[in-house]
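All of the numbers you see were taken from the coordinates with simple rules; none came from a lab. Bear in mind the structure is a predicted one, so any value in this text is a computation, not a measurement. Note: ideal-geometry Cβ built from the backbone for every residue, glycine included; neighbour counts use all protein chains shown.
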Amino acid sequence: MPSARPPGIANRLVCPACGNDETFIELAHDVLLTSYYHQNSDGSFTHESDATQINGEILLFCGSCQEDLSHYHQRFREMIF
Ligand SMILES: [Zn+2]
């Protein structure tokens, strides 16, 4: 059965409160952030990399009206490329 919609358009996440479909905010609780530094010969430090471990809840909010969209978080994560 042919679809009237272009492929993929049905997968777009849209805020049900304000219709925003462009900006989203992910908020993670209880994040352990480990930062790696290299000390240079002059005693200064250069930041090399970070490792994050999220131990708490992860929430998703609309970037426009701050509506709680955590219900869509699983789908959101699957669509990050
Ligand atoms: Zn919104």
Worksheet item: Could you work out Rg/(2.2 N^0.38 Å) for the chain, with Rg from alpha carbons only?
Response: 1.64
Worksheet entry | Where GluC sites (Glu not before Pro) fall in DSSP loop in region 38-81, at most 11 other Cβ within 10 Å | Glu57
